[in-house]
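Novice: Would you mind keeping the following structure in view while I ask a few things?
The values are calculated or read from the model by the stated rules, or taken from the named source; none is laboratory data. Since the structure is predicted, the reported quantities are computational estimates derived from the model, not experimental observations. Cβ placement follows ideal geometry from the backbone for every residue including glycine, while neighbour counts extend to all protein chains displayed. Surface accessibility is based on the protein's heavy atoms, side chains included, excluding ligands, DNA and RNA. Shrake-Rupley method; radii C 1.70, N 1.55, O 1.52, S 1.80 Å.
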Amino acid sequence: MPSDRDTSEETISVNVELASPEWRLRTTMSVPSEPITLKEMLPLVQSFADAVVGSTAKAVEERGEKISCKKGCGACCRQPVPISETEAHLIRDLVERLPHSRQTEIRDRFAQARQRLAEAGLLEKLLHPESWDKGEGWAVAMSYFRLGIPCPFLENEACSIHPDRPLKCREYLVTSPAENCRRPTADNINMVALPFQMWVAIARLDSASAGERRIPWVPLVLALEWAELHTETAEPRPGQEILKQFFELLSSKNRSQEQDALNESC
Ligand code: SF4
């Protein structure tokens with residue numbers, strides 16, 4: 001949790017200490033002293049997420065288990081990846097910054113994925129996850145997975161936006177054999193349970209619906225069109241205020257909230 005603050009003219013350093021049953025993480029996060037948007041804070045949260053995931057992976061390996069995920073295995077990149085609304089805007093920005101020819105290539109892949117979802121009758125489902133019945137998420141995820149639609153950013157089974165990839169992509173680790181991820185069932189995937197889900201905290205933070213039970217999320221594969229339809233409304237706020245709220249949400253029981261949100265789909 002955040003503690004001592006050292007202020008300078010441009011940034012505020014926040015000392016953070018976070019503990020799980022297996023590890024303790026101490027780090028310093030520097031946030032701008034000027035008001036900032038949640039989107040501008042995301043690189044900081046991404047670095048923090050990497051530290052949490054790294055600590056968890058280390059603890060798993062110290063228990064004698066092996067993390068199977070490695071570069072060149074993109075099986076999980078054919079799942080419906082849930083991202084926060086702020087991340088959807090970030091993905092839109094990222095694509096808009098690409099050189100024209102590359103941007104066209106990526107936009108074409110998003111369009112092809114959308115077309116395949118429409119042909120398979122899954123598009124409406126994914127456009128409206130808030131309408132899913134309880135328990136429906138798993139069936140939707142499996143139907144999606146069977147289509148084998150690669151993430152538009154997947155190239156040669158590697159992530160072409162690795163430094164900027166969404167939080168959920170960072171948080172996905174398995175210890176089951178990598179080949180199981182190509183034929184997942186309810187029983188053959190051992191996901192590493194992270195003690196904190198950063199993407200859920202951000203999804204709750206970036207919404208006016210912070211008090212609602214449902215966590216707003218966007219399927220990564222539909223991020224561009226979602227961001228086109230939803231303008232950014234978040235007002236800049238002091239960085240330390242956003243960070244404080246982030247850690248409050250992080251320390252709440254957001255794992256069960258995540259499962260509610262996705263109906264245990266992903
Ligand atoms: S953004 Fe990268 S890591 Fe995430 S699903 Fe796409 S290719 Fe995979």
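Novice: Per-residue ellipticity at 222 nm for the chain, helices alone: DSSP H runs ≥ 4 residues times -39500 (n - 2.57), over residue total, nearest 500 deg cm²/dmol?
Specialist: -13500 deg cm²/dmol
Novice: Carbon and sulfur atoms: what percent of the 1.4 Å accessible area of the chain do they account for? Mind showing how you got there, number by number?
Specialist: On the way: 6550 of 13350 Å².
Reported share for carbon and sulfur atoms: 49 percent.
Novice: Where in region 180-194 is the amide nitrogen less than 19 Å from a point lying 7 Å along the Cα-to-Cβ axis of Lys58?
Specialist: Output list for this probe position: 192-194.
Novice: With springs only between Cα atoms under 10 Å apart, run a GNM on the chain and tell me which of Leu98, Leu25, Leu222 wobbles the most.
Specialist: Leu98
Novice: While we're here: How many times 2.2 N^0.38 Å is the alpha carbon radius of gyration of region 2-262?
Specialist: Taking the Cα Rg and dividing by 2.2 N^0.38 Å, one obtains 1.01.
Novice: About its Cα centre, how strong a charge dipole does region 2-262 have in debye, to the nearest 20, once Lys and Arg get +1 and Asp and Glu get -1 at the Cβ?
Specialist: 880 debye
Novice: Additional query: Based on Cβ point charges of +1 for Lys and Arg and -1 for Asp and Glu, what charge dipole magnitude is obtained for region 1-98 about its Cα centre, in debye rounded to the nearest 20?
Specialist: Rounded to the nearest 20 debye, it is 640 debye.
Novice: Which listed residue (Val31, Ala139, Ile242) has the Cα farthest towards the positive end of the charge dipole for region 2-262, taking +1 on Lys and Arg C-beta and -1 on Asp and Glu C-beta about the Cα centre?
Specialist: Projecting each Cα onto the dipole axis, the largest value belongs to Ala139.
Novice: Taking the solvent-accessible surface of protein heavy atoms with a 1.4 Å probe, what is the per residue accessible area of the chain in Å²? All intermediate terms of the calculation are to be shown ahead of the outcome.
Specialist: Details: 13350 Å² over 266 residues.
Each residue of the chain exposes 50 Å² on average to a 1.4 Å probe.
Novice: Which of Ala88, Ala113, Ala19 moves most in a GNM of the chain, Cα contacts under 10 Å?
Specialist: Largest GNM mean-square fluctuation: Ala19.
Novice: For Cα pairs less than 8 Å apart in space and 6+ apart in sequence, what is the mean separation divided by the residue count of region 2-262, i.e. the relative contact order in percent?
Specialist: 29 percent
Novice: With a/c under 1.5 counting as rounded, go ahead and sort region 6-106 into rounded, prolate or oblate using the C-alpha gyration tensor (a ≥ b ≥ c being the square roots of the eigenvalues; past the cut-off, prolate if a/b is larger than b/c, else oblate). Mind dumping the intermediate values first?
Specialist: Working: a/c = 2.72, a/b = 1.05, b/c = 2.60.
Oblate shape, in that a/c is at least 1.5 and b/c is the bigger or equal ratio.
Novice: Considering the options Cys181, Pro21, Ala223, tell which one lies farthest towards the positive end of the dipole of region 2-262, charges being +1 on Lys and Arg and -1 on Asp and Glu at the Cβ, about the Cα centre.
Specialist: Value computed over the given set: Cys181.
Novice: Excluding residues on the same chain fewer than 8 positions from Lys125, give the lysines whose Cα lies under 16 Å from its Cα.
Specialist: Lys134
Novice: Continuing with this model, one more query. How large is the charge dipole for region 62-208, taken about the Cα centre, if only the Cβ atoms of Lys, Arg (+1) and Asp, Glu (-1) carry charge, to the nearest 20 debye?
Specialist: 340 debye
Novice: Collect residues whose amide H, placed 1.01 Å from N in the peptide plane, falls under 5 Å from the amide H of Ile83; neighbours closer than 5 in sequence don't count.
Specialist: Amide H neighbours of Ile83, under 5 Å, 5+ apart: Val218, Leu220.
Novice: So what is the relative contact order for region 122-255, in percent, with contacts set as C-alpha pairs under 8 Å and at least six apart?
Specialist: Worked out over region 122-255, it gives 25 percent.
Novice: Can you list the HN-Hα couplings for region 159-165, worked out from phi with the Karplus curve (6.51, -1.76, 1.60; θ = phi - 60°), rounded to whole Hz and with x for Gly and Pro?
Specialist: Karplus-based 3J(HN,Hα) across region 159-165 equals 7, 7, 10, 3, x, 10, 4 Hz.
Novice: Okay, moving on. Which GluC sites (Glu not before Pro) in region 159-247 pass both tests, a DSSP loop state and at most 16 other beta-carbon atoms within 10 Å?
Specialist: For GluC sites (Glu not before Pro) across region 159-247 that sit outside H, G, I, E and B with at most 16 neighbouring Cβ atoms in 10 Å, the list reads Glu212, Glu232.
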